[in-house]
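Beneath this line is the structure, given in structure tokens, with notes to follow.
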Amino acid sequence: MLGLAACGSDDEPQAESSSSASASSSPSAEATEESTSTEGAPAWAKPVTTPGTKIGTVKAGDVTVDVYQVGTTKATKTGNFVDPKDNKPIIAVGDEIVFVNYVVTNTGDPVDLGSSLVDVSARYVDWPYLQGMDGITDNDLYEAQDVQTSGVAPGAFAEPSVYTLGKGETFSYGENFRYEKGTKLEVKVTYTPVDAEGELLHDDRVEGEGSATIS
């Protein structure tokens, strides 16, 4: 198995990859905007989006994640990692990338989640690297695809980090990676509940696995 190196020099560390997307992000300039919610979504979540075609469903305990293939487009910048064999970007400008959207629903009792919320990791079955799949960071492309980069709405970041996902409540976020038509994805879903102080309850960690195929 090969490791990946981050793009850029040691003097200019590259931003964190959008692959193996986490549902949370750090507060940004958007944080001054008023938080909004949609019916069926928790108050802390961005409005749920469901673009694309459902290609798979993964269950982890009482949490269900529907995986949608949204659309493809050309990469507007290089990805965040390079292949250590030739030092070339895994994703180059102009490469075809695909967006996927994860719609997360709690079908059981309310669960208190930490800042990572519910993590979804998708990898092609032939992905040769130790790290998760590479993607590009371009908010305009995410907006054009109607995919959220984060599950938490601007202005809704909690301290301590406790985000309650009630029964029947849903949030969504997604990611992008190289487009490989007809390739199967291995999808892993994990979440770790927290206590009232936002401390992770590692013994209560929940995992699930499933698959989907990019068409």
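Nothing in this text is a laboratory measurement; each read-out follows from the coordinates by a stated rule. These numbers come from a predicted model, not from an experiment. Heads up, the Cβs are rebuilt from the backbone with ideal geometry, glycines too, and the neighbour counts pull from every protein chain shown.
For region 113-153, the square roots of the Cα gyration tensor eigenvalues, ordered a ≥ b ≥ c, give a/c of at least 1.5 with a/b no greater than b/c, which places it in the oblate category. Residues in region 83-117 near a label at residue 183, defined as backbone nitrogen under 14 Å from the 7 Å Cα→Cβ point? Correct set: 83, 90-92, 95-100.
For region 53-214, rounded, prolate or oblate, judged on the Cα gyration tensor with a ≥ b ≥ c (square roots of eigenvalues), a/c < 1.5 rounded, else prolate if a/b > b/c? All intermediate terms of the calculation are to be shown ahead of the outcome.
On the way: a/c = 1.81, a/b = 1.71, b/c = 1.06.
Verdict is prolate for region 53-214.
Lysine pair count for region 53-214 with Cα-Cα distance under 26 Å and sequence separation of 8 or more or different chains is 22.
In percent, what relative contact order does region 53-214 have, based on Cα pairs under 8 Å that are 6 or more apart in sequence?
Numbers: 380 pairs, mean separation 49.6, N = 162.
Once normalised by length, the contact order is 31 percent.
In this calculation the C-beta distance from residue 86 to residue 206 is compared with R0 = 41 Å, giving a FRET efficiency of 0.55.
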